[in-house]
Every structure is written in C-alpha cells, then in structure tokens.
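Input: a single structure, listed below in structure tokens.
What follows draws every value from the coordinates through simple rules; no lab data is involved. The structure displayed is predicted, hence computed values, not measured ones. Every residue, glycine among them, receives a Cβ derived from its backbone with ideal geometry; neighbour counts consider all protein chains shown.
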C-alpha cells in the first residue's frame with residue numbers, strides 16, 4: 001500500500017510540474033492529483049522538494065537502465081556508443097513530461113538539485129568511459145572530457161526542450177555521436193604558441209563585491225541602485241535565491257523599501273540586474289582575451305582561459321550563475337542561455353583560418369559551450385572553483401578537437 005501511494009505521488013508530481021513548473025506546485029495539488037491524504041504524503045516525503053527529487057531520481061533510474069541496456073545489446077565500441085547516445089536523447093522525447101522534469105524543471109530547484117543532476121550525469125559518464133576504453137586509439141579520452149561530452153549533450157537536450165523543439169533531436173543524434181567519437185580520433189592542441197602562462201584577472205571594480213553595500217565606503221562610491229544590486233547578489237550567494245526578500249535586500253543595502261521599488265519592480269528584477277552586471281564582466285574579459293591574439297586558435301584558447309580565470313577569481317558570480325540563477329524563473333534561464341550564446345559567438349566567426357579544417361555545425365557548438373559549463377559547475381559543486389584555471393589545457397583540447405585541429 002505504501003509503495004503504491006508513493007508511486008501515485010511521484011506520478012502526480014510529474015503531472016503537476018508539467019502543468020505549471022516546479023515553483024508553482026504545492027503539496028495540496030500533488031495530494032489531490034494522487035488521490036491520497038496529506039498524511040500519506042508526509043509519510044513518504046519530507047516536503048515538496050523531497051518529493052520532486054525522489055521523482056527525478058526515479059525517472060533517471062529508469063532512463064539509465066534503458067541506456068545501459070541499449071549499450072549492452074549493441075556490438076562493437078562505436079555501435080555501443082551510438083546506442084547509448086540514442087537512448088539518452090530518446091529519453092527527452094519518449095515521455096515528454098518526464099523529460100521536461102529532468103532537463104528543465106530540475107533547474108528551478110537550484111542548488112538542492114545539483115547532487116541529483118551530478119549523479120545522473122555520472123551514470124551516463126560511466127557508460128562512455130567503458131565505451132571509450134574498448135576503442136583502440138592512441139588518444140585516450142580523459143574523465144574530464146567525458147564529463148564535458150555528457151554535459152554538452154545535456155545542454156543540447158535542454159535547449160531543444162526549452163524551445164519546444166524536441167523533435168529536432170532525432171535528426172541530430174548522428175551528428176552528436178560523430179562529435180563524441182571524434183575525441184578518440186584526434187588529440188587537439190593543449191599547448192599553443194603565444195599564449196604564455198595563465199594569469200588570473202585583476203580586480204576591475206574600484207570597490208570589491210564582498211564589501212558590505214551599506215558601509216560608509218559603499219554609500220560614498222556607489223549609487224543606491226548599485227548598492228541594491230550588490231546586496232541582492234550577496235544574499236543570494238550566501239543564503240540562496242529563495243531567501244531573498246525586499247526587506248532583507250533593503251536592510252543590507254542601507255536603503256528603504258521605497259527606494260528599492262523606485263529602482264526595481266521585484267526581487268527577481270534586482271537579482272537579474274545583478275546577474276547582468278556580473279555576466280557583463282565575464283563577457284568583457286573573455287572578449288578582451290579573444291581580441292588579444294591575431295590567430296583564431298590562439299584567440300579561442302585565450303578566451304577559454306579568461307572565462308575559467310574569471311570564475312576562479314569570482315566566487316560570488318559562480319555561486320549565482322551555477323546554483324541560484326535558475327531558481328529565479330524562466331527569464332533567468334533565458335539569461336543563462338544568452339550568456340552561453342555569447343560564448344558560442346566567439347567560436348563561430350564568419351571565416352576560419354586555413355589551419356582549421358572543420359567548421360562544426362551549430363548543434364556541436366552548443367554542445368561545446370554546454371560541456372565547458374557542465375565541467376565548471378561540477379568543479380564548483382565539488383569545492384574546487386578556485387582551481388578552475390588548471391582545467392584550461394584539457395578544455396581547450398575539448399573545443400579544438402571539434403574543429404579538427406591535431
């Protein structure tokens with residue numbers, strides 16, 4: 001009986017999330033859809049979030065079993081890889097509500113869902129590790145690159161589902177498989193002339209973002225709007241987006257609620273403004289690095305190094321973007337996608353030099369950007385955000401292999 005009720009509650013969570021997203025779901029709605037009592041709900045789950053994460057894990061477990069079965073039934077390393085990729089991408093379309101819960105709604109949960117997403121990615125990574133190990137190649141594929149491949153594939157699925165274009169995935173499977181196989185066929189360039197050693201970017205703001213925005217110095221050097229933005233960023237980074245209130249923001253900024261509403265309509269507006277400022281800094285540093293080298297290969301590598309350096313030097317920004325941004329709703333997710341699109345733009349010049357033999361299709365560029373994003377998120381979640389710059393050589397390889405550089 002208890003197992004039956006748990007199953008009904010999990011099914012109800014999928015239905016409720018499909019109706020209007022995780023944020024709007026209530027325990028009362030899930031109970032009503034499941035046809036059970038609130039007592040039965042709390043006998044199975046601590047709260048709404050616990051129920052959601054259990055639902056996520058149930059879907060991932062079923063999907064992982066299908067991926068592993070498809071992998072095991074195929075013959076030959078490359079065919080097994082194709083089968084695993086196909087099964088992974090099919091999860092997004094076989095039962096769309098479950099796919100949207102895994103690839104879209106889980107982002108709304110914020111930092112609490114990161115361990116579950118990491119565990120889900122690890123299951124697919126294990127399949128790829130085994131598959132690549134079977135391939136006779138002089139270029140072994142590192143665990144970091146495999147993580148990037150999985151993260152990049154997940155990014156493509158997210159984009160198609162977010163745009164309600166999941167049907168495109170079927171036509172893109174073979175392109176993504178060939179992209180993945182490319183990592184045991186070529187080794188890229190981890191050492192490029194003219195780059196020099198990595199140097200973390202210096203402090204470009206006259207006032208550190210960790211400075212209390214209500215301090216005398218902040219009051220002297222920042223506008224009220226800037227103090228509100230910084231207060232919002234600091235609270236969200238320290239306590240999470242759900243902890244934000246207009247009152248707490250105003251208190252930390254040293255302003256009144258009236259002043260807050262003279263600048264922003266809501267806490268979401270202030271949070272997105274903070275993200276825009278911080279994302280603008282990341283874009284400027286990356287663009288400056290790209291523009292500092294004449295050769296496209298060197299410029300691309302320098303841009304990747306600059307992006308990693310920015311996140312390594314800015315713990316507040318990496319906390320906001322990787323753990324709190326999605327909790328601010330659909331508009332926030334659109335901001336994150338736009339930031340990735342800006343990075344993709346650096347990889348998509350109108351003309352490529354002769355020494356770059358391949359121009360990857362757009363879906364591969366999306367996967368490359370998503371792969372870097374996934375690796376950075378993994379490192380930040382593991383508490384290694386300060387050491388991100390050390391990943392530059394492997395992530396540069398990860399990108400350049402897709403352009404056929406060996």
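Between residue 223 and residue 119, take the C-beta separation as r, use R0 = 41 Å, and let me know the FRET efficiency to the nearest 0.05. The calculated FRET efficiency here is 0.40. Cβ crowding within 10 Å ranks 225, 168 as 168, 225, fewest other Cβ atoms first. Binning the C-alpha pair distances of the range 355-406 at 5 Å intervals from 0 yields a P(r) profile of 4, 19, 25, 21, 14, 10, 5, 1 %, listed from the shortest bin outward.
Over the chain, the ratio between the Cα radius of gyration and 2.2 N^0.38 Å evaluates to 1.04. As a proxy for reagent exposure, 358, 278 were ordered by neighbouring Cβ count within 10 angstrom, fewest first; the result is 358, 278. In this calculation the C-beta distance from residue 93 to residue 362 is compared with R0 = 30 Å, giving a FRET efficiency of 0.95.
The simple Förster model, with R0 at 41 Å and r as the Cβ-Cβ distance, assigns residue 344 and residue 390 a FRET efficiency of 0.95. Each of 71, 261 was scored by other Cβ atoms within 10 Å of its Cβ. Arranged with the fewest first, they read 261, 71. Extent along the principal axes, Cα only, for the range 216-269: 30, 22, 15 Å, with the longest axis given first.
Among 152-158, 212-218, the peptide with the highest mean count of other Cβ atoms within 10 Å heads the list, and the full ranking is 152-158, 212-218.
Taken along the Cα-to-beta-carbon direction at a fixed 7 Å, the label points for residue 134 and residue 57 span 3.0 nm. Kirkwood's formula applied to the C-alpha pairs of the range 2-184 gives a hydrodynamic radius of 17.3 angstrom.
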